[in-house]
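Beneath this line is the structure, given in structure tokens, with notes to follow.
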């Protein structure tokens, strides 16, 4: 039995999780699916989860954002080093001091087996020339709250 948790704010997660369950079932492996409220998922608040399915978007440039996400997100802090708090503290100190880049930190986490990126998308939004603040939020959705239009010159 493997337990997989995903948050309820992404329409593709149930389909992806069910496809994974069907594939594993063919090999006599049961996958228990847990759809959690986003806040509970983001905190990593449920015990005994084997796989956390999620998504993240990084604004360009990505150099700083990846390290901040890995070392600042409660779910990531609970998951990326097997709850070895000394290792997490060491990584955090190295990253903050500039002795470890975000790229190397993500390499460490992926190659240690704690994170498995599945997909990579380059998403860009294009709008009218006078549109300002156009960007995607961390769930990959257009954030209407931050967009505004400069008045056209007459």
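Throughout, read-outs are computed from the coordinates displayed, never taken from laboratory work. In this text the structure is predicted, and so the values were computed from the model without any measurement. With ideal geometry, Cβ positions are generated from the backbone for all residues, glycine too; neighbour counts draw on all protein chains shown.
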Task: residue 47-residue 153 pseudo-label distance in nm [points 7 Å out on the Cα-to-Cβ vector] - done: 6.4
Task: Sum of -39500 (n - 2.57) over DSSP H runs of 4+, divided by residues of the chain (222 nm, nearest 500) - done: -10500 deg cm²/dmol
Open item on the list: So, R0 is 25 Å and r is the distance between the beta-carbons of residue 78 and residue 143; what FRET efficiency does that work out to, to 0.05?
Closed with: 0.40
Task: Helix 85-97 vs. the chain, principal-axis angle (Cα, 0 to 90°, nearest 10) - done: 30
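Give me 149, 13, 58, 144 ranked fewest to most by other Cβ atoms within 10 Å of their Cβ, as a rough exposure proxy.
144, 149, 58, 13
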TODO: Rank 57, 18, 130 by mean-square fluctuation in a GNM of the chain with C-alpha springs under 10 angstrom and give only the top-ranked residue.
DONE: 130
Open item on the list: Taking the Cα of residue 115, stepping 7 Å toward and past its beta carbon, and measuring to each backbone N in region 31-49: which are under 20 Å?
Closed with: 39-46, 49
TODO: Could you give log10 I(q)/I(0) at q = 0.12, 0.27 Å⁻¹ for region 37-113, computed by the Debye formula over C-alpha point scatterers of equal weight, without solvent?
DONE: -0.33, -1.45
Task: Geometric extent, Cα atoms of the chain - Rg, Dmax (angstrom) - done: 18.5, 69
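By counting other Cβ atoms within 10 Å of each Cβ, how are 107, 91 ranked from fewest to most?
Sorted ascending by nearby Cβ count, the order is 107, 91.
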